[in-house]
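Written out below as structure tokens is the structure these notes cover.
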């Protein structure tokens, strides 16, 4: 585990071995977070965060399908509940016309 020195400006050089492993190039941005007491995590920030996040939820349950299923069940329940209050539709019967003589 290499030991590095902090400059007067608070800068630290990340060893080349680690920069290669995380594919960090000059000019790239990094996210620095405090993980626990006296521990710092340095992670590279992707150039396009949207593209980097694409597919990260793949393979999980479909929230859209779950919502649609729930709505179908609610609709069926409401239809069943309201069906007793509504009379079935009747077709109008044709009445014979009475002709005046």
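The values are calculated or read from the model by the stated rules, or taken from the named source; none is laboratory data. Source: prediction; values computed, not measured. Methodologically, a virtual Cβ is constructed for each residue, glycine included, from the backbone with ideal geometry; neighbour enumeration extends over all protein chains shown.
List of remarks:
- Exclusive hit being modelled with pLDDT of 90 or more and under 30 Å from residue 13 (Cβ atoms), set 37, 33: 33
- Residue match in segment 43-66 (condition: in a helix (DSSP H, G or I), modelled with pLDDT of 90 or more and surrounded by 10 or more Cβ atoms within 10 Å (Cβ to Cβ)): yes
- If the condition is being over 28 Å from the mean Cα position of the chain (by Cα) and part of a loop (DSSP other than H, G, I, E, B), then segment 17-39 contributes 25, 26, 27, 37, 38.
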